[in-house]
Every structure is written in structure tokens, then in C-alpha cells.
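Just below is one structure, and these are the notes that go with it.
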Amino acid sequence: MLEFEPNSRMRKKMKAEVEIMNSNPAFNRLARDRETIGFDEVESEFQECERRGVRRLLVKKDRLYVAVVDYCLQNPTDSEAWISLFVVHRAHQGTGVAHEAYGELEALVGRSGRNRLRLAVHASNEAGLSFWRKKGFHSFKEVDIGGKPHYCLEKEL
């Protein structure tokens, strides 16, 4: 069973986020043009999320932090619910954690009265695109974010 726990600036939680992110160097290369991040990038993410009203969660399984999820219920641009970050620790990929975490997140968003969920995926992130398409998401537009092509995907809940 997974637990969602609000992420915070507590040192323990920031350390967990850094470890989860740094277990995925290929994702970091796509997102940040380098393989690892540090506490300063996590702090910057907190500031950006606070500014945009994004909720930050750590996913816990058997007392271990296994994933980071950021989402908002009402994006100021289009008033839709969006997932802005969904990263599972490399050691827990392929174990069903991502599927279970997404299922619980979808239920959480649905209980909030939202009927659609959106996210953006780097166009070259084939594994990510495959995962989200298997979850029922489809592409509705292509955008450039930070000079990199992304697919915007959505799913009716």
C-alpha cells in the first residue's frame, strides 16, 4: 500500500526528493541538461510550486520514499488539473509503484471534482509517453518548454 505525504522543506524530505531525482539521470538530462540535481534545485522547485499553487507530494511504500509527484487542481492557464512532475525512484521502477501511485492520484483528482487531467511529456521521453498512453492519455497539442519539444497529454476522468 502506498501513502501520499505532503512534501516540505524538511531536510529529510528534501534529501528524499534529491535521491529520487538523482536515481533517474536520463530524466534529469532531459529536464535540466545534467544528470544530477542538488538541494538548491529542490528549493527552487518549492518556490515555483508555491507561486503557481502546485501541491507537492512524496509517495511512500513500506516506510521508504519511492516517488515525487507535483500536481495542481486548477492550472491558471486553462483551469484544468495538471500533473507537473511524476518521478519514481529507479530502484522501484517496474514494480508497479508508478501504476499504483498514478491510480491513487487520479482518484484524488477525481474526488476533487475534476473531470480531466493533463500533463506535458518531453517529446523524446519514449518510456514516459508509453506509460501515460497506457493509462489512457492522448496528445492534444505540442508545445515548446524551455527550448525543448513536449507533448501535452490529457485524459477524461
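Looking across the stretch 6-18 at every residue that is surrounded by 14 or more Cβ atoms within 10 Å (Cβ to Cβ) and not small (Gly, Ala, Ser), the one that is farthest from Leu108 (Cα to Cα) is identified as Val18. Considering the stretch 79-98, the residues that are free of Cβ contacts under 8 Å to residues at least 40 places away in the same chain and more than 13 Å from the chain's Cα centre (by Cα) include one that is farthest from Leu2 (Cα to Cα), namely Ser79.
Exactly one residue out of Arg56, Arg51, Arg32, Arg11 is touching a helix residue (DSSP H, G or I) at 6+ places or on another chain (Cβ under 6 Å) and of a type in the set (Lys, Arg): that is Arg56.
Of the strands (runs of 3 or more DSSP E) contained entirely in the stretch 102-157, those carrying at least 3 residues that are surrounded by 14 or more Cβ atoms within 10 Å (Cβ to Cβ), free of Cβ contacts under 8 Å to residues at least 40 places away in the same chain and not acidic (Asp, Glu) fall at 116-122, 148-156.
Scanning the stretch 79-101 for residues that are in a loop (DSSP other than H, G, I, E, B) and surrounded by fewer than 18 Cβ atoms within 10 Å (Cβ to Cβ) yields Ser79, Glu80, Gln93, Gly94, Thr95, Gly96.
Identify the residue in the stretch 63-78 that is over 9 Å from the mean Cα position of the chain (by Cα) and among the hydrophobic types (A, V, I, L, M, F, W, C) and, among all such residues, is surrounded by the most Cβ atoms within 10 Å (Cβ to Cβ). Restricting to residues being over 9 Å from the mean Cα position of the chain (by Cα) and among the hydrophobic types (A, V, I, L, M, F, W, C), the top hit is Val66. Of all residues in the stretch 60-75, those satisfying the criterion of being part of a loop (DSSP other than H, G, I, E, B) and more than 21 Å from Tyr151 (Cβ to Cβ) are Asp62, Arg63, Leu73, Gln74.
Any idea how many residues of the stretch 105-121 are farther than 19 Å from Thr77 by Cβ and under 13 Å from the mean Cα position of the chain (by Cα)? Total satisfying the criteria: 2.
Just so you know, all these numbers are worked out from the coordinates, no wet-lab data involved. Just so it is clear, the structure is predicted and the values come from calculations on it, not from any experiment. Here the Cβ is made from the backbone with ideal geometry for all residues, glycine too, and neighbour counts use every protein chain on show.
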